[in-house]
1. Return only the number of the condition from (1) within 14 Å of the ligand (Cβ to nearest atom); (2) surrounded by 24 or more Cβ atoms within 10 Å (Cβ to Cβ); (3) assigned to a helix (DSSP H, G or I); (4) not basic (Lys, Arg) that Asp380 does not satisfy.
2. Being of a type in the set (A, V, I, L, M, F, W, C) and surrounded by 23 or more Cβ atoms within 10 Å (Cβ to Cβ), is that true of even one residue in the stretch 546-559?
3. Restricting the stretch 572-597 to residues that are over 27 Å from Ile469 (Cβ atoms) and among the charged types (D, E, K, R), which is farthest from the ligand (Cβ to nearest atom)?
4. Just checking, does the stretch 532-547 include any residue being of a type in the set (Val, Ile, Thr), in contact with a Phe, Trp or Tyr (Cβ under 9 Å, 6 or more places away or on another chain) and under 30 Å from Ala356 (Cβ atoms)?
5. Which residue is surrounded by the fewest Cβ atoms within 10 Å (Cβ to Cβ), if the candidates are limited to the stretch 129-161 and must be of a type in the set (Asp, Glu) and touching a helix residue (DSSP H, G or I) at 6+ places or on another chain (Cβ under 7 Å)?
6. For residues in the stretch 433-492 being of a type in the set (A, V, I, L, M, F, W, C) and in a loop (DSSP other than H, G, I, E, B), which is farthest from the chain's Cα centre (by Cα)?
7. Report, ordered by the first and then the second residue, all pairs with beta carbons closer than 8 Å, sequence separation of six or more or different chains, a first member in the stretch 339-350 that is on the phi > 0 side of the Ramachandran plot, and a second member that is within 13 Å of the ligand (Cβ to nearest atom) and part of a strand (DSSP E or B).
Amino acid sequence: MCGIVGYTGNRSMDSVLLVGLERLSYRGYDSSGIAIVSEGELSFWRKSGKLHELEEMLKDKTLTGTVGIAHTRWATHGKPNEINAHPHLSHNRKLAIVHNGIIENFHDLRMKLSRKGHIFRSGTDSEVIAHLVEEYLQDDLVTAVEKAVLDLEGAYAIAVIAESDPDKIVVCRSGSPLIIGVGKEENFIASDINAIINHTKDVVYLEDNDIGVVMKNDFYVKKTGGAKVSKEINHISWDPKAAEKNGYPHFMLKEIFEQPMVVRRIISKMISDDKVVLRNFKMSDSKLKKIKRFIIQACGTSWHAGLYGKYLLEKYARILTEVDISSEFRYRQMIMSGNEVVIALSQSGETADTLAGIREAKSRFFNVISFINAKNSTMDRESDDVIYSYAGQEVGVASTKNFTAQLISVYLFTIYLAILKGTISEEQERNMVAELKRLPEYMEQILSQSDEIIKIAEKYYLSKEFLFIGRSVNYPSALEGALKLKEISYIHATGYPAGELKHGPIALIDSRLPVVCIVPKSETYEKMITNIEEVKARKGKVIVIGTYGDEQVKKYADDIIYIPEVSEDLSPALAALPMQLLSYHIAMKLDCDVDQPRNLAKSVTVE
Ligand code: M6R
């Protein structure tokens with residue numbers, strides 16, 4: 001979603017804030033802006049469009065000041081134009097705010113403040129915060145922010161600076177992430193560690209209803225309407241270089257090619273002596289053994305990994321598993337009969353819908369196990385147990401390496417449970433682990449076929465729509481293939497369980513429709529062949545993702561991408577790669593911005 005960064009210290013503001021925005025721009029990128037207080041006076045610059053527009057505007061300026069805040073926006077309320085870009089100013093233009101989240105009662109607040117003479121300039125919900133703080137500001141900015149946030153309903157991470165208090169950045173959060181970065185004679189605030197990691201690795205995580213007061217040489221945190229609280233300073237161990245492209249033209253391509261390495265990393269973390277281990281897992285084995293039902297909830301690509309999890313958990317661990325899209329999960333009656341566990345999957349650990357699902361589940365006393373990539377994220381802190389996906393930082397908005405990492409972590413978690421429950425033998429575990437260990441090499445073989453995939457992309461990039469079909473564990477693969485294509489190339493694409501074709505979507509098939517058929521050697525192979533024949537009979541263009549050496553399927557294929565032979569259980573982790581590459585190269589041909597596709601944001605922190 002939107003990104004926030006702020007700074008107080010001796011460096012020039014533009015050197016910290018513009019770089020911070022650059023590193024946050026994967027979160028939202030329809031407009032950006034900066035406000036600073038310098039010699040007691042507030043100045044601001046805003047621009048619609050991508051960050052380079054703001055950089056261009058500021059290219060001949062050196063911004064010096066005591067405090068500065070900056071924002072990159074992903075529009076929720078109000079068009080993505082300059083007037084709606086953050087920072088927003090108070091009526092008297094002496095105070096500026098940046099905000100992530102949604103203020104649900106902004107209409108009411110705006111009406112009340114308008115009656116008091118406040119003139120609003122934008123169509124956003126956020127602007128109301130600046131006017132509200134101004135309304136409460138008598139002599140102390142901290143008290144004014146504290147009073148203002150008590151009036152707000154919704155989710156927010158806010159940073160405020162004012163002429164009246166030129167040495168402070170006051171921040172507050174409820175439902176949206178915010179951190180303080182601790183430096184020497186300088187301090188930072190950010191919605192995301194990426195923004196500041198090249199300056200400091202020491203951070204304080206704010207909790208909901210924390211107010212942080214950040215000055216050049218000091219900071220403190222207090223509870224809204226309460227006393228000061230002591231906060232732990234966490235040292236981040238990441239290498240900031242992880243957020244660089246390393247010679248690849250795009251983060252997405254770099255991340256696609258990182259997948260073999262990610263699988264090796266997961267193996268090193270989750271397998272010891274050819275047995276699956278769950279590190280730092282708090283739930284006891286005896287409790288795990290008693291689980292009768294899993295309810296998985298997640299969004300987007302993580303939801304697809306959750307659908308895959310259902311097949312595996314039911315097949316091997318023999319545990320009934322339901323899968324929900326998080327934004328729908330809360331509308332269900334969660335029936336608890338004891339021994340159910342809610343599973344959340346999330347790359348960012350910040351997705352508002354998934355987080356809301358976790359909170360709902362916890363309020364009803366369900367245990368929550370989360371599969372998360374981002375350590376120290378809100379979900380990491382709020383879940384009872386966490387299994388990390390060890391994908392490393394994923395910057396491309398389209399999730400790639402984290403998807404395969406989630407598949408593998410779920411696969412290993414299933415093996416762990418199945419061994420505990422005695423539903424698979426130790427020999428089966430050894431075989432499953434042995435096969436997993438071959439996966440990185442198999443992935444490398446697939447990635448080496450890039451040139452053939454480029455040719456297929458060149459052939460089909462002008463198609464108006466695509467269909468993706470698969471069965472069983474490769475039905476989620478079809479959904480994921482379609483999502484990848486549509487989000488980065490803007491071509492309409494739908495994923496279907498292949499058996500469902502004849503119940504409607506077959507009507508779409510004609511000689512212009514490419515149909516990506518995921519058909520590895522598996523129990524459902526023959527049925528997939530029948531479905532492919534159905535497509536062929538209607539003159540659809542068949543792009544097959546099949547197993548090396550499969551001559552039968554080749555007969556029906558207009559184009560074919562081979563993957564090495566693996567068990568059906570692991571085939572989605574291979575099938576994902578050619579589909580990611582196909583989407584990437586189609587998007588390249590169409591000149592789309594793959595790392596920052598229109599209308600999207602990397603982590604969606606609004607419901
Ligand atoms: O961070 P999360 O895994 O919770 O994010 C969930 C979705 O927003 C995310 O997977 C989204 O669908 C991606 N753009 C997919 O590429």
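1. With (1) within 14 Å of the ligand (Cβ to nearest atom); (2) surrounded by 24 or more Cβ atoms within 10 Å (Cβ to Cβ); (3) assigned to a helix (DSSP H, G or I); (4) not basic (Lys, Arg) applied to Asp380, the lone miss is (2).
2. Filtering the stretch 546-559 for residues of a type in the set (A, V, I, L, M, F, W, C) gives 553, 557.
Then keep just the ones that are surrounded by 23 or more Cβ atoms within 10 Å (Cβ to Cβ); that gives none.
There is no residue in the stretch 546-559 that is of a type in the set (A, V, I, L, M, F, W, C) and surrounded by 23 or more Cβ atoms within 10 Å (Cβ to Cβ).
3. Residues of the stretch 572-597 that are over 27 Å from Ile469 (Cβ atoms), as a first pass: 591, 593, 595-596.
Checking the rest, the ones that are also among the charged types (D, E, K, R) come to 591, 593, 595.
Values: Asp591: 20, Asp593: 14, Asp595: 11 Å.
In this case the residue turns out to be Asp591.
4. If we filter the stretch 532-547 for residues that are of a type in the set (Val, Ile, Thr), which is where we start, we get 532, 535, 542-545, 547.
Narrowing the set further to residues that are in contact with a Phe, Trp or Tyr (Cβ under 9 Å, 6 or more places away or on another chain) leaves 532, 535, 542-545, 547.
Within this subset, residues satisfying the condition of being under 30 Å from Ala356 (Cβ atoms) are none.
No - not one qualifying residue is present in the stretch 532-547.
5. Here is the first cut: in the stretch 129-161, the ones of a type in the set (Asp, Glu) are 134-135, 139-140, 146, 151, 153.
If we keep only those that are touching a helix residue (DSSP H, G or I) at 6+ places or on another chain (Cβ under 7 Å) too, we end up with 135, 151.
On the way: Glu135: 19, Asp151: 16.
The residue in question is Asp151.
6. That would be Leu462.
7. Filtered contacts from the stretch 339-350: Gly349/Ser370; Gly349/Ile372.
Rundown of residues vs (1) within 24 Å of Ala573 (Cβ to Cβ); (2) within 16 Å of the ligand (Cβ to nearest atom), yes/no style:
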position: Lys254; (1), (2): yes, yes
position: Asp274; (1), (2): yes, no
position: Gly306; (1), (2): yes, yes
position: Glu340; (1), (2): no, no
position: Ser348; (1), (2): yes, yes
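The values are calculated or read from the model by the stated rules, or taken from the named source; none is laboratory data. All of these numbers come straight from a predicted model, not from anything done at the bench. No Cβ is skipped: glycine too gets one built from the backbone with ideal geometry, and neighbour counts run over all protein chains shown.
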